[in-house]
Amino acid sequence: MRNPLTSILSSKYGIIVLLGLTVFFAFIFVPEFGTINNLTNIAIQSAPLAILAIGQTVVIIAGLIDLSVGMLLGLIVVIAADIMQGQSSMTVVAILAALGLGGGVGMINGLLNNLLRIHPLILTFGMLSILQGLIFVYTDRSVGQTSPEFSWMANGTVLGVPFAIILLIFVAVLVSFLLHRTRLGAHIFAVGGGEEQARRAGILTGRVKVWAFIFSGLSAGVAGMLVAGRLGTGYPNAGVGYELDAIVAVVLGGTSLAGGRGSILGTIAAVFVLGVASNILNLMEISSFVQIFVKGLIVVIAILLNQPKRIVAS
């Protein structure tokens, strides 16, 4: 007979329950955790990764993967800050540049994936290297300065709620509507569930893949704006590691790496599980090496609980 707690954690809402338990125990055992400043800090720090992971969720549901988003985010941070040079008048130009660059690189990934027909893991790893090279050709040090408006987007609040969280909710609702209420969304799930069957059903699978990569690129554009606003300058290593964190959050949130199944809500919950865990460990002044071990352990346990059928089958 299965333990009731294990049954709940292994359900499709398991990651949400895990987030609730993590927050509950944090309030009890870490007094500093529940302060408004600390909770706001967690929200602001987690929002860019959550937005990036939403785009990665769309790509993985479609049976693909995008390793280039971290370096794409970094390139957007550098270019946006360099465009603005601290001037409010350049804010709109920087926003358009971030979204245009993000969507454009996503489209290139999609077109190359269709043209070259190589595994997206290899393709986007190559794009990661290209983007990293472009960043350091552009600059090897911090450049530019974000405008006050960019800084407010990343750090400001509306009626006490961080604007970054409002933006995250908007992106999450928009993408969830796209996935579950539009034909394109249905096609994304269909292609991820079985590309050949989707093609036989008359779905233009190549076009669907291009759109999936475009959404991933656009998410990097939005996340890059928040990271730039938080840093205040164009730091060339700003995007390092984001792609792996996003993939971890997507899988931790219950999305299948095989494609065809996924949850935006689960992905966001997973990002906050990681964010809260990191915050708790920092408040407890735990060594960074121990933090890496503990966060890795949380990921492994949560993935095992969220995919019990695969374990039994193996």
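The values are calculated or read from the model by the stated rules, or taken from the named source; none is laboratory data. In this text the structure is predicted, and so the values were computed from the model without any measurement. Cβ coordinates were reconstructed from backbone atoms using ideal geometry, including for glycine residues, and neighbour counts include every protein chain displayed. Calculation scope for accessible area: heavy atoms of the full protein, side chains included, ligands and nucleic acids excluded. Shrake-Rupley method; radii C 1.70, N 1.55, O 1.52, S 1.80 Å.
Quick notes on this one:
- Answer from Ile203, Ile188, Ile165 - the residue that is in contact with a His (Cβ under 9 Å, 6 or more places away or on another chain) and touching a residue at least 12 places away in the same chain (Cβ under 8 Å): Ile203
- Qualifying residue in region 65-81 (condition: closer than 30 Å to Trp211 by Cβ, among the small types (Gly, Ala, Ser), at pLDDT 95 or above and more than 15 Å from the chain's Cα centre (by Cα)): yes
- Residues in region 256-280 that are of a type in the set (Ser, Thr, Tyr) and at pLDDT 90 or above were compared, and the one that is nearest to Ile188 (Cα to Cα) is Ser263.
- Ile130 vs. criteria at pLDDT 95 or above and either within 19 Å of Ile95 (Cβ to Cβ) or open to solvent by 90 Å² or more (accessible area, probe 1.4 Å) (or both): yes
- Residues in region 258-285 that are outside any helix (DSSP H, G or I) and more than 11 Å from Val58 (Cα to Cα) were compared, and the one that is least open to solvent (accessible area, probe 1.4 Å) is Ala258.
- Residue count for region 19-29 under the criterion of being touching a residue at least 40 places away in the same chain (Cβ under 8 Å) and open to solvent by 10 Å² or more (accessible area, probe 1.4 Å): the result is 3.
- Checking each residue in region 114-126 for being surrounded by fewer than 22 Cβ atoms within 10 Å (Cβ to Cβ) and in contact (Cβ under 8 Å) with a residue 40 or more places away in the chain picks out Asn114, Leu121, Phe125.
One line per residue, one yes/no per condition, for (1) surrounded by fewer than 24 Cβ atoms within 10 Å (Cβ to Cβ); (2) part of a helix (DSSP H, G or I); (3) without any contact (Cβ under 8 Å) to a residue 24 or more places away in the chain; (4) of a type in the set (D, E, K, R):
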| residue | (1), (2), (3), (4) |
| --- | --- |
| Asn41 | yes, yes, no, no |
| Thr57 | no, yes, no, no |
| Met71 | no, yes, no, no |
| Asp82 | yes, yes, no, yes |
| Ala94 | no, yes, no, no |
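- For Ile247, the test of being among the β-branched types (Val, Ile, Thr), crowded, with 18+ Cβ neighbours inside 10 Å, under 17 Å from Gly20 (Cα atoms) and touching a residue at least 12 places away in the same chain (Cβ under 8 Å) is failed.
- Being over 17 Å from the mean Cα position of the chain (by Cα) and of a type in the set (Gly, Ala, Ser) is a property that does not hold for Gly239.
- When the residues of region 139-159 are filtered to those that are touching a residue at least 60 places away in the same chain (Cβ under 8 Å) and of a type in the set (Gly, Ala, Ser), the one that is most open to solvent (accessible area, probe 1.4 Å) is Ser142.
- Within region 192-233, the set of residues being crowded, with 24+ Cβ neighbours inside 10 Å and in contact with an Asp or Glu (Cβ under 6 Å, 6 or more places away or on another chain) comprises Ser216 only.
- Pick from region 294-312, criterion open to solvent by 60 Å² or more (accessible area, probe 1.4 Å) and within 18 Å of Leu18 (Cβ to Cβ), ranking: modelled with the highest pLDDT: Leu297
- Residues in region 43-55 that are touching a Ser or Thr at 6+ places or on another chain (Cβ under 8 Å) and either without any contact (Cβ under 8 Å) to a residue 24 or more places away in the chain or open to solvent by 50 Å² or more (accessible area, probe 1.4 Å) (or both): none.
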